[in-house]
Amino acid sequence: MAAKIKKGDNVVVLTGKDKGRTGQVIRVLPTENRVVVQGVNMVQRHTRPTQADPQGGIKHKEASLHLSNVAIVDGNGKATRVGFKVEGDKKVRFAKSTGDVI
């Protein structure tokens, strides 16, 4: 089945502590139904010093969100659902609110 949300898409968070925040999808984890969004759902990670990072310490990074908690942002800047249609011989994604091809 084709993915409704892909890497590089602009999405808005629908629920949780970061509700209403927008960002770009950095990574999609299809087997776990999760996405990582840039600058959203930040967590602190305690890392010990290594050769690659001799300083170590507390690092901030993005944690994953469930796919159901994010939605694609349409041309108007609002959340929209994603549909599929065939244009010519290609299957394309489109925003259900505006009908624009994503």
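Which one of Gly23, Gly39, Gly56 has the biggest mean-square fluctuation once the chain is modelled by GNM with Cα springs under 10 Å? Highest fluctuation among the options: Gly56. Remark: the chain is approximated by an ellipsoid whose semi-axes, taken from the C-alpha gyration tensor as √(5λ), come to 32, 15, 10 Å, largest first. For the chain, modelled as a Gaussian network with Cα springs under 10 Å, which listed residue fluctuates most, Lys17, Lys90, Lys78? Judging by the Gaussian network model, the answer is Lys90. Under a 5 Å amide H cut-off, with hydrogens placed 1.01 Å from N, Gly23 pairs with Val11 among residues at least 5 apart or on other chains.
If the segment from Lys78 to His66 were pulled out straight at 0.36 nm per residue, it would be longer than the present Cα-Cα gap by 2.4 nm. Given R0 = 30 Å, the distance between the Cβ atoms of Thr47 and Thr98 translates into a calculated FRET efficiency of 0.10. Local charge for Asn69 was computed over the other residues whose Cβ lies under 10 Å away, with Lys and Arg +1 and Asp and Glu -1, and equals +1. Annotation: extensible slack from Ile58 through Glu87 equals 5.5 nm (criterion: 0.36 nm per residue apart, minus Cα-Cα distance).
If you run the Gaussian network model on the chain, springs between alpha carbon atoms under 10 Å, then out of Arg48, Arg34, Arg81 the most flexible one is Arg48.
The numbers here are math on the coordinates, done by the rules we state, and not lab data. Everything quoted here is computed from the prediction, not taken from an experiment. Reconstructed Cβ throughout: ideal geometry from the backbone, glycine too, with neighbour counts over all protein chains shown.
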